[in-house]
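The values are calculated or read from the model by the stated rules, or taken from the named source; none is laboratory data. A quick note: this is a predicted structure, and the numbers were derived from the prediction, not measured. Here Cβ is always computed from backbone atoms with ideal geometry, including for glycine, and neighbour counts include all displayed protein chains.
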């Protein structure tokens, strides 16, 4: 037994891993039973380990055994033990203590990544694919998913419910997928990994603005994808480059109290040069072929920030160009908003406001803190005091966490022209 107590990152990682492993064994038609068993195992582990003050030598194996017992017990109670045992090959509980260790020839190396491909069934709308994968495999709560998909929590519940029904009807397993299905589902899997990293990089979680464990997991899975024939595409290389370049700046993004720092406030000496070089290498690797994706454009923006000697010496014209390309390949009012911010740094706040003139943002953006914060800052810098104050109040009120609220407040109240 060991004495170190696992924290939330451990349980979050184990949740997704266990759901992926057990769903692969019993089929997605039993997804809800698997989720219930995993949640019960995690709760039991927390209670037992806390009371004992110690951990088992192999906490992951302990959790797998408990969750495996739970799902097998549930399926036996449904009076289908013999047929399910024959169909899915349940082993004795003792033999399953460490979980499955083998991998299928030609398959991806990680259960979690394999299950992401299963969740991204083409019959599901993209938003439903993202919602079910983020909830079931990444351990996001409903509020976090709603925040990342720019939708309501009620809509997330509906999408997850429909996705579960569809996957239950299909009863698919990762080994059922074929080459063309992997290819068709790859963009959705890339989208899940992108959102997983994004939530870690700027979290909506009340207890912390940066969740490094999510970023590390997203990078790990994306690297597996990039090194496999299924996912070794320019888009995946660009996505991995984006993650490395963003991760490079993470050591300087918080002050000693855990508050977020603006880009111009960060000590660039703290930026991780190895991560920058890895990012630039992957970005160069992504330049093969004729494909240009949103990940290429966003990685280009991140590269400009990492290569700039200082905030004042940033090549904002290049960043504006990258955002313009991003709008072409992935049209979104959010990208237009980001381009306006870059224009304001390049040519002044009035020029930035001009980029937004006549733009009617969709409801998901108009109600977000990002839209209000940018307009508040641009109006403040143009000395439009009434408009600046109105948007400032909206931005502060709609901030997703106290840390983000503090950052917005400091940014919008400072004396900067």
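State which residue is farthest from residue 216 (Cα to Cα) when the search covers only region 293-320 and only residues that are part of a loop (DSSP other than H, G, I, E, B) and in contact with a helix residue (DSSP H, G or I) (Cβ under 6 Å, 6 or more places away or on another chain). Filtering region 293-320 for residues that are part of a loop (DSSP other than H, G, I, E, B) and in contact with a helix residue (DSSP H, G or I) (Cβ under 6 Å, 6 or more places away or on another chain), the one farthest from residue 216 (Cα to Cα) comes out as 315.
Of the residues in region 375-387, not one is surrounded by 15 or more Cβ atoms within 10 Å (Cβ to Cβ), under 24 Å from the mean Cα position of the chain (by Cα) and closer than 24 Å to residue 209 by Cα. Note on region 137-150: residues that are touching a helix residue (DSSP H, G or I) at 6+ places or on another chain (Cβ under 7 Å) and either modelled with pLDDT of 85 or more or part of a helix (DSSP H, G or I) (or both) amount to 7. Restricting 39, 87 to those that are part of a helix (DSSP H, G or I), modelled with pLDDT under 75 and closer than 28 Å to residue 120 by Cα reduces the list to 87.
The residues of region 112-136 that are assigned to a loop (DSSP other than H, G, I, E, B) and surrounded by 24 or more Cβ atoms within 10 Å (Cβ to Cβ) amount to a single one, 120.
Given the criteria modelled with pLDDT under 80 and closer than 14 Å to residue 35 by Cβ, does residue 168 qualify? In short, yes. If you scan region 378-395, which residues turn out to be in a helix (DSSP H, G or I) and in contact with a helix residue (DSSP H, G or I) (Cβ under 6 Å, 6 or more places away or on another chain)? Correct list: 378, 379, 380, 381, 387, 388, 391, 392, 394, 395. Residue count for region 48-61 under the criterion of being farther than 15 Å from residue 10 by Cα and in a helix (DSSP H, G or I): the result is 3.
Among the residues of region 364-377, those identified as touching a residue at least 12 places away in the same chain (Cβ under 8 Å) and part of a helix (DSSP H, G or I) are 364, 365, 369, 370, 371, 372, 373, 374, 375, 376, 377. Within region 321-331, the set of residues being closer than 19 Å to residue 364 by Cα and touching a helix residue (DSSP H, G or I) at 6+ places or on another chain (Cβ under 8 Å) comprises 327, 330.
Given the options 220, 282, 274, name the one that is closer than 30 Å to residue 26 by Cα and part of a helix (DSSP H, G or I). Of the residues listed, the single one that is closer than 30 Å to residue 26 by Cα and part of a helix (DSSP H, G or I) is 220. Residue count for region 321-363, restricted to those that are in a helix (DSSP H, G or I) and under 15 Å from residue 378 (Cβ atoms): 20.
For region 302-315, a residue qualifies if it is touching a residue at least 24 places away in the same chain (Cβ under 8 Å) and either crowded, with 17+ Cβ neighbours inside 10 Å or closer than 19 Å to residue 370 by Cα (or both), and the qualifying residues are 302, 303, 305, 306, 314.
Look at region 324-335: where a residue is without any contact (Cβ under 8 Å) to a residue 40 or more places away in the chain and a partner is outside any helix (DSSP H, G or I) and surrounded by fewer than 14 Cβ atoms within 10 Å (Cβ to Cβ), sitting 6+ places away or on another chain with Cβ atoms under 7 Å, you get 333/359; 333/362.
Of all residues in region 225-247, those satisfying the criterion of being in a helix (DSSP H, G or I) and within 19 Å of residue 129 (Cβ to Cβ) are 225, 235, 236, 239.
Table: residues versus (1) without any contact (Cβ under 8 Å) to a residue 12 or more places away in the chain; (2) surrounded by 20 or more Cβ atoms within 10 Å (Cβ to Cβ).
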site	(1), (2)
189	no, yes
196	no, yes
203	no, yes
210	no, no
213	no, no
219	no, yes
227	yes, no
233	no, yes
238	no, yes
